[in-house]
1. Please report the base-10 log of the normalised intensity I(q)/I(0) for the stretch C:192-287, using a Debye sum with one equal scatterer per alpha carbon and no solvent, at each q in 0.17, 0.21 (1/Å).
2. What average count of beta carbons from other chains do you get within 10 Å of the Cβ of residues in B:147-160?
3. Would you check chain B for Lys pairs whose C-alpha atoms are within less than 13 Å, ignoring same-chain pairs closer than 8 in sequence, and give me the count?
4. Counting C-alpha atoms alone, how compact is the stretch A:144-217: give Rg to one decimal and Dmax as a whole number, in angstrom.
5. What are the principal axis extents of the Cα atoms in the stretch B:1-112, in Å, biggest first?
6. Placing +1 at every Lys and Arg Cβ and -1 at every Asp and Glu Cβ, with all other atoms neutral, what dipole size does chain C have around its Cα centre, in debye to the nearest 20?
7. Taking N as the number of residues in the stretch A:62-206, what is its Cα Rg relative to 2.2 N^0.38 Å?
8. Within straight cross-link reach of residue C:285, meaning Cα distance under 24 Å, which lysines are found once same-chain residues fewer than 8 apart are removed?
Amino acid sequence: MTARTASLWQFRQPSVIPGFGLALGVTLSWLILIILIPLSGLAWRSSALGWSTFWALATDQRTINALRISFGTAFVAALVNVVFGVILAWVLVRYRFPGKRIIDAMVDLPFALPTAVAGIALTTLYAPNGWIGSLLSPLGIKIAFTPIGIVFALVFVGLPFVVRTVQPIMEEIDKEVEEAAATLGANRFQTISRVLLPGLAPAVLTGFALAFARGVGEYGSVIFIAGNLPYISEIAPLLIVIRLEEFNYPAATAIAAVMLIISFAMLLIINMIQAWSRRRYGYGA
Amino acid sequence: MEVRVQNIRKEFSRFPALNDVSLDIRSGELIALLGPSGSGKTTLLRLIAGLESPTEGTVYFGNEDASRKTVQQRNIGFVFQHYALFRHMTVLDNVSFGLTIRPSGRRPAKAEIRKRALELLDLVQLSGLEKRYPAQLSGGQRQRVALARAMAVEPNVLLLDEPFGALDAQVRKELRRWLREIHDRTGHTTVFVTHDQDEALELADRVVVMSKGKIEQIGTPDEIYDTPNSPFVFGFIGQSNILPVRVENGQLWIKDHSIGVSAQGEADGPAQLYFRPHDIELLEGNGGCIAGVVTVTRRVAGTRHVELDIGGANSRVEIELPPEKVTSDHSRVAFRPTRWKLFRD
Amino acid sequence: MAHDATTSQTSSGNTELVRVATSEHRLARYTLIGLALCFVALFLVLPLAAVFREALRNGPGEFLTVLSDPETFAAIELTLLVAVIAVPLNLVFGIAAAWAIAKFEFKGKAFLTTLIDLPFSVSPVISGLVFVLLFGSHSLLGPWLQSHGIQILFAVPGIVLATVFVTFPFVARELIPLMQEQGTSDEEAALSLGASGWQTFWYVTLPNIKWGLLYGVLLCNARAMGEFGAVSVVSGHIRGLTNTMPLQVEILYNEYNFVAAFAVATLLALLALVTLVLKSLLEMKYSAQIAASRRH
């Protein structure tokens with residue numbers, strides 16, 4: 001009886017493989033030192049502000065606008081990436097064309113290219129006197145130094161997330177499923193829109209969430225192209241930096257706390273949707 | 001609907017998968033395409049479906065040339081080996097799919113679609129599971145959903161590709177019997193592919209034995225088993241013994257003695273004697289028989305399998321005896337085939 | 001590619017009918033490829049081309065002159081130093097974490113995995129901010145550090161800490177799925193043959209994961225050298241002392257010294273290209289020995 005209760009409360013299952021203590025010890029101490037202590041420092045500092053101070057700082061109009069711009073542009077950029085990411089993944093998985101290998105490798109460029117470099121390059125391209133900006137400005141379209149510019153930078157940064165989450169799932173689609181739809185009379189459009197794409201939904205959702213989360217926090221690639229006009233094209237991470245430079249630590253802390261809370265809440269919701277999808281459909285991504 | 005396949009040839013990048021294949025399938029028939037892997041049986045099925053197109057030749061549905069039609073237009077029901085269910089749809093949605101995607105002119109009303117799908121689920125004995133997702137079903141249940149889905153479009157012909165291939169032995173047997181019942185009740189012209197001879201012989205009205213892109217023999221299960229018309233069919237279906245013999249004056253000879261089997265009308269010369277282990281009679285004595293020494297005996301279910309060494313090259317023969325006939329190793333057994341066939345090179 | 005198998009046989013007129021069943025109309029295919037290529041050109045190819053073009057705007061001579069600037073040189077040195085410290089630290093952590101998570105079953109494993117991924121969902125600026133709040137002059141530790149003459153913020157240790165924070169999950173994330181896939185039977189076999197724990201790791205586990213490990217290190221290094229937001233917050237932007245290459249790019253750019261800014265940027269872009277090439281080579285040659293999931 002005692003043996004059974006002991007095994008019920010056992011922390012880890014027995015194994016002949018050595019090194020658990022050492023490996024977990026290194027992992028936990030590193031995790032606590034590098035991640036948890038600094039992050040809890042942020043939590044402690046924001047709770048030390050007191051609720052009313054915190055609320056006042058968080059609901060400051062400039063802060064609210066900055067948060068709205070960060071989350072709004074990240075949302076739009078993630079949507080754009082969903083559309084083009086799925087198309088790009090489809091083209092890479094399904095079709096053969098010259099240069100496909102290179103394009104496939106290029107998709108990871110935003111992971112490898114430092115964000116500051118991406119920022120100045122995009123600005124140079126899309127500024128009114130840039131390669132593309134100069135084509136658009138006669139039409140009255142301004143991209144750089146407007147919120148649209150922010151969206152462009154975030155599309156760049158988030159591009160690989162949707163492609164790389166959808167691509168492997170797309171590769172695994174059983175050809176029989178498409179043939180089954182065709183034998184039942186579905187034309188190609190119906191097969192894609194009613195059978196293939198809905199099957200990809202969990203992967204697309206994951207890619208969207210990753211691109212969105214990355215976009216909300218993005219700083220380096222945005223600040224060059226955004227124009228950084230307070231209330232209009234000023235993102236929340238930039239406002240944190242500005243407050244820090246003003247030595248206004250309470251305000252910086254409050255904005256950071258609000259950003260973290262919203263981001264974590266969204267990740268939690270998406271994790272729950274995924275778990276639900278896995279339970280129901282037997283798959284997720 | 002009757003289906004005719006005429007002089008079909010199919011090449012995959014110059015590799016011939018089917019070579020001049022013709023086959024008439026009668027309306028309401030249950031046909032098995034049987035053969036080893038690579039024999040072209042699945043290719044033939046996919047050609048009938050319109051999932052492949054022939055390099056040469058024609059497929060007729062009734063009197064209509066179906067090779068001009070796409071798979072969507074042919075109105076067939078296809079059941080895939082790995083079910084190919086739509087995993088993001090419920091069982092009910094899977095079964096209704098073929099009807100819901102029809103253009104509005106030919107699409108039944110929603111309630112009608114639902115009613116028909118539920119009836120089909122009842123037919124395949126899955127009532128009550130309509131709200132489940134494929135992931136929540138067993139393999140056998142999934143295969144039955146796949147069948148219901150294929151039948152929902154009221155297909156001209158029902159095509160099944162190794163329908164029980166991915167299931168374990170017990171479920172296979174059950175589904176086999178059950179498929180026959182469904183077929184008898186609905187009367188769909190049905191073609192299924194299998195590499196399992198028991199499945200083909202037990203289930204089908206007629207069996208089409210294929211090998212290397214050609215049809216070897218078409219016939220009822222009895223014809224296929226009792227009168228195989230080629231060494232391949234003899235070897236592929238059931239067990240068989242092959243002995244080199246000589247025909248002389250209407251008698252069969254092995255080396256220098258007659259085995260007491262008369263072969264009237266066969267030309268003189270060397271030949272291969274094919275016979276099944278159970279198509280024999282035991283004899284006493286020395287003349288006019290095949291005699292050998294027991295090397296191994298095995299009890300298999302209701303019969304005793306005895307391996308004999310009859311001397312010479314290709315000298316191993318297996319015969320089946322009633323279980324009460326006990327033979328000890330190295331004892332001598334004499335027998336004579338009662339039903340046999342000769343093939344010459 | 002099964003899809004191409006059916007389309008490649010154009011000799012028969014009937015082939016067209018089958019192609020319609022399981023692949024798209026040619027027009028739709030070309031449209032999709034065109035859309036994808038335009039998207040890639042606008043967001044990936046042109047920006048990359050712009051970097052090199054702007055850097056070489058006034059010819060290669062000026063490009064080289066700008067690069068030989070001592071401040072730029074200091075920035076390169078600092079960037080390499082930070083990467084040389086941060087990457088090995090996260091390498092050791094990554095192996096330890098993957099060993100604990102992939103080879104053992106214990107309570108709270110899923111939660112631990114989530115915690116390791118945490119830095120991915122934290123804004124780089126916040127990653128820097130947490131260290132400012134921890135070590136700044138007004139913080140709990142600040143006065144104590146100051147009285148002992150220890151400089152963390154606006155100095156190399158702060159930059160290293162912020163970089164380690166940001167690149168924390170890279171190696172672990174690559175190794176965990178890979179080692180989970182490989183299971184524990186190889187290690188158990190080695191142990192049963194009398195190998196010690198370290199021998200087992202060194203002769204059995206490490207050879208199995210080396211390409212995945214290299215892959216993780218590659219991505220970790222690219223991020224470590226290119227990190228901007230977090231480093232920007234803790235560095236203090238002291239020229240020639242605490243500026244990494246990305247920060248140097250920003251400073252030069254904001255001074256309207258575009259050629260210089262893009263010249264430094266080309267170095268980082270080259271780093272990115274080398275990373276991509278190595279990454280693709282690893283994926284092509286050792287795809288089975290790199291983790292099944294290609295996500296970041």
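1. -0.82, -1.01
2. Values: counts 0, 0, 3, 3, 0, 1, 3, 0, 3, 0, 0, 0, 1, 0.
The mean count of partner-chain Cβ atoms within 10 Å per residue comes to 1.
3. For chain B, the number of qualifying lysine pairs is 5.
4. 16.3, 53
5. 47, 31, 28
6. Numbers: 16 positive and 19 negative charges, 77 e Å.
That gives chain C a dipole magnitude of about 380 debye.
7. Taking the Cα Rg and dividing by 2.2 N^0.38 Å, one obtains 1.26.
8. Within the straight-line cut-off, residue C:285 pairs with A:100, C:210.
The values are calculated or read from the model by the stated rules, or taken from the named source; none is laboratory data. Owing to the predicted nature of the structure, the values given are computational and were not obtained by experimental measurement. Virtual Cβ from ideal backbone geometry, glycine too; neighbours counted across all protein chains shown. Please note that ligands, DNA and RNA were not included when accessible areas were found on the heavy atoms of the full protein model with its side chains. Shrake-Rupley method; radii C 1.70, N 1.55, O 1.52, S 1.80 Å.
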